[in-house]
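One structure is given here, and the rest of the page talks about it.
The values are calculated or read from the model by the stated rules, or taken from the named source; none is laboratory data. None of these values were measured; they are calculated from a predicted model. Glycine gets a Cβ as well: all are built from the backbone with ideal geometry, and neighbour counts include every protein chain shown. For the accessible areas, the whole protein counts, side chains as well, though only heavy atoms, and no ligand, DNA or RNA atoms are used. Shrake-Rupley method; radii C 1.70, N 1.55, O 1.52, S 1.80 Å.
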Amino acid sequence: MPELSRVCVRDAGGSVLPGGFWAAVSVWLEKAQVLNKRLCGSCIERSWRKEEEAGDGTLLELLPLLAGLSCPGGDEEVLRAITANEEPGEGRLLLLLRILIPKSNPHYTSTDPQRELIIKDASSRVVTFIPLEKSSQGHIQVKKNNIYQIRLAHVADDEWSLSLITLYSEGWDSDGVVYPKISWMKNELLPKLAKWSTEDRRSDFKSTLSLIAVDKYSKLYQSLKEKYKDLVKVWPEVTDPEKFVYEDVAISTYLLVLWEEERFVNNLKKKQSFIDLGCGNGLLVHILSTEGHPGRGIDVRRRKIWDMYGPQTILEECAITPSDDHLFPDADWIIGNHSDELTPWLPVIAASSSYSCRYFVLPCCFFNFYGKYNRKSSKKTQYREYLDFVTDIGTQCGFSVEEDCLRIPSTKRVCLIGKSRNYPPEKEEQIDRERKKYIASHSNDTSDSTCTRENNELCDHATHGEESSDVSPDDPETGHRKWLSTFRPRDKVEQIRNCVLLPRDFIDKVVLQVAKLLLHLNTEENPELIDNGTQTTWNRGRCLTIREVADVLGKETLQSLKNECGGLQTLLRNHHQVFQVMNSSVSIRDWSQDEQTPPNKSKAEAKKRLLPNVLKTRLCWFYVNHPNGCPRAASKCPYAHGPVELRPSTLPGRKKHRPHESH
């Protein structure tokens, strides 16, 4: 078999290989979509192991175990040739039957799963990929031309090599999806596996879609994406339609597959009912309801898109306060998709609603039972610590909590699922007392939250020297007792905190003050930098931390910013034209340098470009305020260089919107 490519790697400590090689191979086996973006995913359907002396007959003895597979036409010789051991020793062969699931593609119309027989030979450090296909007679046979191997070889000392080997390199049959081109295998697959082989790829999170069938998910996702794609065109909210539509389609797909498998295991015919708490735009409720699951969504604020769904999608405008008044005994599932302050309460509400109630929660913003959640340990990331906190709540509520990672366009992709209880029904009263005791223990834990003037809109649990109670008096409207007196739902009208309420002259004054600080215009440190525009080199100023800038501005200015726009950093980021904020530091933005950067910018950067109908409708800040003027020529600057270039804006009045819209 010819070697097509080889990549050398170094195991400096001598402790990574060959284990790192098998870890890298596992990624390609179980998460092929990470490398091949034209695949929805891959999964191992079956596996077999046989430990005995390796030889020509080993595989032939194992092949009959592959029910329904045959190798007509002399393909046994092919299998024997590619698995022969050149070195004697104990054979540790593992056979895997892998399924590859292609994405829908206009150039590749079939989305039918394809199978591969994979042979992992631990003693020889070789993994062999044998594609299987159906013949015209319906037999399963080996696709000889596309057989390939990945081999790890020890060269000398700490030097190793990874090789790509094919059986018939000249006859390789590429479809560009399931079977990529040889050039891609050499230039993308092999180098990436080599890189991963010497990296510590341990993760705090599960693999994506570890609790459901990937093939079912992929097929259903493609169908739902096509079915609901038109919502992108009519999306009336200020949020990004593509992100939110396709994210909710993916979450809906996950739940639908999860629930289908639950019905199969429990021999249920009736589709599960649900309640979505903090449903936001309601799209998740709409999709699940349309797909036949009875349910409703509840949110503190009505969204404009609610009117577009129709009467079959039930959405209610209501503030949820964790109490006996907000239980859902008739619901099979409680859903919390980015439910913010309700997130830690989801397991409690589900457990208290009925013994059979389950829950699905996708944590995003970090809240405890009564305010913002603050991390307690630096040994974990804040996200990992918060997930563990919500998991612990579910466990304390009596659930066997499972974790999975979704395929959604979000950095917060880990969901927590409580499908079953860890106690029998007759212990319900005892567990309920333990739940209340657990919540009460957190109500007085001030280390979990910061109750200050800066975040009192989220944390209003100060007791002013009095001992706080774990439950409140009877609610005057409902007569029920709240589970925690310190919990406060968010206001129906969310406070706008993006500078729009601050006086324009105040904002301009702060921007100019920070710019002068960065340019040394108000210090004696570097007076040679000031030349009133005669300097040939454009003054880029210096880089300072946000803290250094804050120390100069003064407490009164900082408090005004904190009260109205979320703080100094928010103001600086909002003035993208003037400042560049990175890693908690700020500097003057040099647009001449930006013009030299490659055109493949991120979507976030692309959105910051001005639309054609606003070009030259405002004066250039640098032209007016910078001692060297604008670093760009007037023809390349989207802002006006002087009153002569100014033209009237044709845009309608700018709509003020909330900066935080979770759905």
Worksheet, complete the sentence: Here the relative contact order (percent) of segment 237-293, from C-alpha pairs under 8 Å and at least 6 apart, is 40
Practice prompt. Report in % the part of the accessible area of segment 353-419 that belongs to carbon and sulfur, leaving out ligands and nucleic acids; probe 1.4 Å.
Written response: 50
Discussion item. With the crude spin-label approximation of a point 7 Å out along Cα→Cβ, what separation in nm comes out for Val27 versus Ser161?
Written reply: 2.3
Worksheet item: At what distance in nm do the modelled label points of Asp307 and Glu242 sit from each other, each positioned 7 Å from its Cα along Cα→Cβ?
Response: 2.8
Discussion item. Taking θ = phi - 60°, what integer Hz values does the Karplus form 6.51 cos²θ - 1.76 cosθ + 1.60 yield along segment 8-16, in sequence order, with x for Gly and Pro?
Written reply: 8, 10, 10, 9, 4, x, x, 10, 8
Item to complete: With a 1.4 Å probe and every protein chain left in place, tell me how much accessible area Thr111 has, in Å² to the nearest 10.
Response: 60
Worksheet item: If you stretched the chain out fully between Glu261 and Asp325, how much longer would it get, using 0.36 nm times the residue separation minus the C-alpha to C-alpha distance?
Response: 19.8 nm
Worksheet item: Ordered by packing density, taken as the mean number of other Cβ atoms within 10 Å over each peptide's residues, highest first, how do 403-412, 317-326 rank?
Response: 317-326, 403-412
Fill in: Peptide ranges 333-341, 537-545 listed from the most packed, as the mean C-beta count within 10 angstrom indicates
333-341, 537-545
Worksheet, complete the sentence: Rounded to the nearest whole number, the Stokes-Einstein translational diffusion coefficient of segment 136-180 at 37 °C and 0.692 mPa s (Kirkwood radius, C-alpha pairs) in µm²/s is 253
Discussion item. No solvent, one uniform scatterer per C-alpha: report log10 I(q)/I(0) for segment 216-350 via the Debye equation at q = 0.10, 0.12 1/Å, two decimals.
Written reply: -0.32, -0.47
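How large is the Kirkwood hydrodynamic radius of segment 147-290, counting all unique pairs of alpha carbons, in Å? Show your work: numbers first, answer last.
Values: mean 1/r = 0.0508 Å⁻¹.
Radius from the Kirkwood sum: 19.7 Å.
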Practice prompt. Give the distance, in whole Å, between the Cα centre of segment 265-324 and the Cα centre of segment 153-179.
Written response: 50
Practice prompt. Using a 1.4 Å probe over the heavy atoms of the protein chains, calculate the carbon and sulfur portion of the accessible area of segment 230-334 as a whole percent.
Written response: 52
Worksheet, complete the sentence: Phi angles of segment 624-629, converted by Karplus (6.51 cos²θ - 1.76 cosθ + 1.60, θ = phi - 60°) into ³J(HN,Hα) in whole Hz with x for Gly and Pro, give 7, 10, 7, x, 9, x
Worksheet item: Over the Cα atoms of segment 320-409, what Rg and Dmax result, in angstrom?
Response: 13.1, 42
Practice prompt. Quick one: which residues, 5 or more positions from Leu619 or on another chain, have an amide H under 5 Å from its amide H? H modelled 1.01 Å from N in the peptide plane, none for Pro or chain starts.
Written response: Ala640
Discussion item. My understanding is that a pair violates if its Cα-Cα distance is over 26 Å; which of Lys143/Lys195; Lys103/Lys144; Lys269/Lys436; Lys379/Lys427; Lys31/Lys195 do that in this structure?
Written reply: Lys143/Lys195; Lys269/Lys436; Lys379/Lys427
Item to complete: Can you work out the accessible area per residue across segment 329-400, with the rest of the protein chains kept in place, probe 1.4 Å, in square angstrom?
Response: 29
Worksheet item: Given R₀ = 60 Å, FRET efficiency for Gln382-Val644 by Cβ-Cβ distance, to 0.05?
Response: 0.70
Worksheet entry | Nitroxide proxy distance, nm - points 7 Å out along Cα→Cβ at Glu426 and Ala440 | 2.7
